[in-house]
Amino acid sequence: VILFGIDKNLVNTVRIEKVAEKETKEFSTLNLENISAQLDAVGISNYLSDKPTHYLCNEAYWYLLRKFNGKVVLIHIPSIKNINESFIESLKQVFK
């Protein structure tokens, strides 16, 4: 499962979340480094984060990680005002 969230503070970069935290910490078991490399290959700046935000996205991510045994990733993308059409097309190349 690929879950996308919006972070209004991001500009032309994405943040790949490794972990969600609620009653417990739940970690993605997907190969996040591979996702990062695919984003790099199409020119999208990105980084892996192990610091949950504790907002709505974290809540959804936590439940999905538990439901799908870690086979989930949450990727925060910039709000529409901080990206352009080229950025969106590059994202589509990775996640088609």
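Quick notes
- Region 66-75: number of residues that are within 17 Å of ARG15 (Cα to Cα) and either among the aromatic types (Phe, Trp, Tyr) or out of contact with any Cys (no Cβ under 7 Å at 6 or more places or on another chain) (or both): 3
- Long-range neighbours under 7 Å by Cβ, at least six apart or interchain, first residue in contact (Cβ under 8 Å) with a residue 60 or more places away in the chain within region 1-17, second of a type in the set (Lys, Arg) and open to solvent by 40 Å² or more (accessible area, probe 1.4 Å): VAL1/LYS71
- Region 31-45 residues that are touching a residue at least 60 places away in the same chain (Cβ under 8 Å), paired with ones that are surrounded by 11 or more Cβ atoms within 10 Å (Cβ to Cβ) and of a type in the set (Gly, Ala, Ser) (beta carbon under 8 Å, 6 or more apart): none
- Considering region 3-61, the residues that are small (Gly, Ala, Ser) and within 19 Å of ASN82 (Cβ to Cβ) include one that is surrounded by the most Cβ atoms within 10 Å (Cβ to Cβ), namely GLY5.
- Filtering region 67-93 to residues that are surrounded by 15 or more Cβ atoms within 10 Å (Cβ to Cβ) and either of a type in the set (Gly, Ala, Ser) or modelled with pLDDT of 95 or more (or both) leaves VAL72, VAL73, LEU74, ILE75, HIS76, ILE77, PRO78, SER90.
Yes or no, residue by residue, for (1) of a type in the set (Gly, Ala, Ser); (2) at pLDDT below 95; (3) in a strand (DSSP E or B); (4) within 13 Å of LEU3 (Cβ to Cβ):
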residue: ARG15; (1), (2), (3), (4): no, no, yes, yes
residue: ALA20; (1), (2), (3), (4): yes, no, yes, yes
residue: GLU23; (1), (2), (3), (4): no, yes, no, no
residue: THR29; (1), (2), (3), (4): no, no, no, no
residue: ASN34; (1), (2), (3), (4): no, no, no, no
residue: ALA37; (1), (2), (3), (4): yes, no, no, no
residue: ASP40; (1), (2), (3), (4): no, no, no, no
residue: ASN46; (1), (2), (3), (4): no, no, yes, no
residue: LYS51; (1), (2), (3), (4): no, yes, no, no
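The values are calculated or read from the model by the stated rules, or taken from the named source; none is laboratory data. Computed from a prediction, not measured in an experiment: that's the story for all the values here. Note that we place each Cβ from the backbone using ideal geometry, even for glycine, and neighbour counts take in every protein chain shown. Ligands, DNA and RNA are excluded from the accessible area calculation, which covers all protein heavy atoms including side chains. Shrake-Rupley method; radii C 1.70, N 1.55, O 1.52, S 1.80 Å.
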